[in-house]
Amino acid sequence: MIDDERKVRAVLFDFDGTLADSTELVMQCYRHTMTEHLGAPPPDEEWLRGFGTPLEPQIRRFARSLEESDAMLKTYRDYQAIHHDSLLRPFEGVVELVQELLRREVPIAIVTSKHRPGTVKGLDLCGLGDCFVEIVTPEDVTNPKPHPEPVLHALERLKVAPADAVFVGDSPHDIASGRAAGTLTAAALWGPFPRAMLESENPDFLLSSPSQVLDLVSE
């Protein structure tokens, strides 16, 4: 249970790895793309390091030229388009959590490094398409996570002060972004990152299940 004085009145969520279980989709896209262009994929850990950041800079870390980066990006997106709907699903308990937050009239928003079309489609697939009015994607900001700009942009839309919000995310980049923006931060341990890696980022809260988000919110 969270102390009453630390409870908040608004919740910001990352999408991939926090609300949506997309890890297998992302890793299949990565392995396919790297095999097509490099002959074999580097270790999965190399891609995992960039989870939570936009796809374009992720791809550029592995490409040997700008032309190859563009080609790799196309390969990734083409493969993702084929497999997206069959491999993406909500984490257990996420839909119920979001519905309860709406019932309590808690302001909520998405802050994601996924581009808007994919985010909107993913929300629909997860049964959350009508739940989020405020969605901040890379199209809305100059500096993506781990910069604080996406979080601050969402807070501005919600008209909520940073101290009154918590940012729930599965990656170190989410924690860094929320902390820099002045929110409380909660690490979603059900995502793809190891607990030890998230603990090393010193989030305010470590959550083992989506339902625990409700403990952070004022009645």
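The values are calculated or read from the model by the stated rules, or taken from the named source; none is laboratory data. Just so it is clear, the structure is predicted and the values come from calculations on it, not from any experiment. SASA here: full protein model, heavy atoms, side chains in, ligands and nucleic acids out. Shrake-Rupley method; radii C 1.70, N 1.55, O 1.52, S 1.80 Å.
Report, to the nearest 10°, how far helix 149-158 tilts away from the longest principal axis of the Cα atoms in the chain, using its own Cα long axis and a range of 0 to 90°.
Between helix and principal axis, roughly 40 degrees.
Rounded, prolate or oblate: which one fits region 81-171, using the alpha carbon gyration tensor with axes a ≥ b ≥ c (rounded when a/c is under 1.5, else prolate when a/b beats b/c, else oblate)?
Working: a/c = 2.00, a/b = 1.19, b/c = 1.68.
Here region 81-171 falls in the oblate category.
Under 5 Å between amide H atoms, partner at least 5 residues away or on a different chain: which partners does I135 have, H built in plane at 1.01 Å?
Distant-sequence amide H within range of I135: I110.
Multiply the residue gap between D124 and K7 by 0.36 nm, knock off their C-alpha separation, and tell me the result in nm, one decimal place. Mind showing how you got there, number by number?
Values: separation 117, 0.36 × 117 = 42.12 nm, distance 2.95 nm.
Going from the current span to full extension adds 39.2 nm.
Report the full-extension gain for the segment C131 to E92: residue separation times 0.36 nm, less the Cα-Cα distance, to one decimal in nm.
Numbers: separation 39, 0.36 × 39 = 14.04 nm, distance 1.67 nm.
Result for the pair: 12.4 nm of gain on full extension.
State in Å² the accessible area per residue of the chain; use a 1.4 Å probe, count heavy atoms of protein chains only, and round to the nearest integer.
Computed with neighbouring chains in place, this is 46 Å² per residue.
For the chain, which whole-number percentage of the solvent-accessible area (1.4 Å probe, protein heavy atoms only) is attributable to carbon and sulfur atoms? Could the numbers behind the result be given before it?
Working: 5120 of 10060 Å².
Carbon plus sulfur share of accessible area: 51 percent.
If I fit a long axis through the Cα atoms of helix 172-181 and take the longest principal axis of the Cα atoms of the chain, what angle between them do I get, 0 to 90°, rounded to 10?
It is inclined by approximately 50 degrees.
What label, among (1) 137; (2) 123; (3) 110, belongs to volume of the Cα convex hull per residue in Å³ computed from the structure on display?
Of the labelled values, this structure produces (3).
Taking Cα atoms, how many degrees apart are the long axis of helix 23-38 and the longest axis of the chain, rounded to 10 and kept between 0 and 90?
It is inclined by approximately 20 degrees.
Name the lysines eligible as straight-distance cross-link partners of K121: C-alpha to C-alpha under 19 Å, and not fewer than 8 places from it in the same chain.
Within the straight-line cut-off, K121 pairs with K74.
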